[in-house]
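**Student:** Starting off with a structure, shown below.
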């Protein structure tokens, strides 16, 4: 990714916090990466969106989506960047709970069964929320072909996706911030 150093700098300035944290996975951590500080920032979202399209070159897919709320700005950014490049691409959101009215679906957006899709997340630790999104979109009838993230914390997510025969590509890893991955 061409502007990788700037994305790392933005994470250091805006999103990397040190202290005692409990992650969505339930794990305890001495640092936290608040991806929304990047994806809800104009320059950050632009860098992420262009970077994700770059790493997905050569991957055959028609739609990109992930677990709402974390993936929502990323999906919008990637769709905008794809449109600027003249590439048609659809987006979808995966709800944690089915919509309580109307269609009562987990999946929102113009995606159709049979489509090849990519799952996106901001920060992957164990991959739990992305795995839930994968299950829901597969139940809907789509084929997941790849998982992408902004940052891989290197705490088992890639192995959990590999167990499902899904590659994970991230723009950054915790090693880009000088943080060593935990010992297995």
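The values are calculated or read from the model by the stated rules, or taken from the named source; none is laboratory data. As the structure is a prediction and not an experimental result, all values here were calculated from the model. Cβ: placed from backbone, ideal geometry, glycine included. Neighbour counts: every protein chain shown.
**Student:** Can you tell me which condition residue 129 does not meet? The list is (1) within 10 Å of the chain's Cα centre (by Cα); (2) buried (at least 20 other Cβ atoms within 10 Å of the Cβ); (3) outside any helix (DSSP H, G or I), and all the others hold.
**Tutor:** Every condition holds for residue 129 apart from (3).
**Student:** Can you find, within the range 168-184, the residue that is surrounded by the fewest Cβ atoms within 10 Å (Cβ to Cβ) among those that are over 20 Å from residue 32 (Cβ atoms) and in contact with a helix residue (DSSP H, G or I) (Cβ under 7 Å, 6 or more places away or on another chain)?
**Tutor:** 169
**Student:** Still on this structure, please answer the following. Which of the residues that make up the range 138-184 are assigned to a strand (DSSP E or B) and farther than 27 Å from residue 12 by Cβ?
**Tutor:** Hits for the range 138-184 are 143, 144, 145, 146.
**Student:** Residue by residue through the range 110-126, note down the ones that are at pLDDT 95 or above and part of a loop (DSSP other than H, G, I, E, B).
**Tutor:** Within the range 110-126, 110, 111, 112, 113, 114, 115 qualify.
**Student:** State the number of residues belonging to the range 157-167 that are out of contact with any helix residue (DSSP H, G or I) (no Cβ under 8 Å at 6 or more places or on another chain) and buried (at least 20 other Cβ atoms within 10 Å of the Cβ).
**Tutor:** Residues in the range 157-167 being out of contact with any helix residue (DSSP H, G or I) (no Cβ under 8 Å at 6 or more places or on another chain) and buried (at least 20 other Cβ atoms within 10 Å of the Cβ): 1 in total.
**Student:** Can you pull out the residues in the range 61-98 that are within 17 Å of residue 135 (Cβ to Cβ) and either assigned to a helix (DSSP H, G or I) or at pLDDT below 95 (or both)?
**Tutor:** Across the range 61-98, the qualifying residues are 68, 70, 95, 96, 97, 98.
Listed here are the residues, each with its yes/no results for (1) surrounded by fewer than 15 Cβ atoms within 10 Å (Cβ to Cβ); (2) in contact with a helix residue (DSSP H, G or I) (Cβ under 6 Å, 6 or more places away or on another chain); (3) farther than 24 Å from residue 38 by Cα; (4) in contact (Cβ under 8 Å) with a residue 40 or more places away in the chain.
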{"site": "89", "(1), (2), (3), (4)": "no, yes, no, no"}
{"site": "92", "(1), (2), (3), (4)": "no, no, no, yes"}
{"site": "111", "(1), (2), (3), (4)": "no, no, yes, yes"}
{"site": "133", "(1), (2), (3), (4)": "no, no, no, yes"}
{"site": "137", "(1), (2), (3), (4)": "no, no, yes, yes"}
{"site": "142", "(1), (2), (3), (4)": "no, no, yes, yes"}
{"site": "148", "(1), (2), (3), (4)": "no, yes, no, yes"}
{"site": "153", "(1), (2), (3), (4)": "no, yes, no, yes"}
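**Student:** Could I ask something else about it? Sort out which residues of the range 54-74 are surrounded by 20 or more Cβ atoms within 10 Å (Cβ to Cβ) and over 13 Å from residue 35 (Cβ atoms), and write them in order of number.
**Tutor:** Of everything in the range 54-74, those that are surrounded by 20 or more Cβ atoms within 10 Å (Cβ to Cβ) and over 13 Å from residue 35 (Cβ atoms) turn out to be 56, 63, 64, 65.
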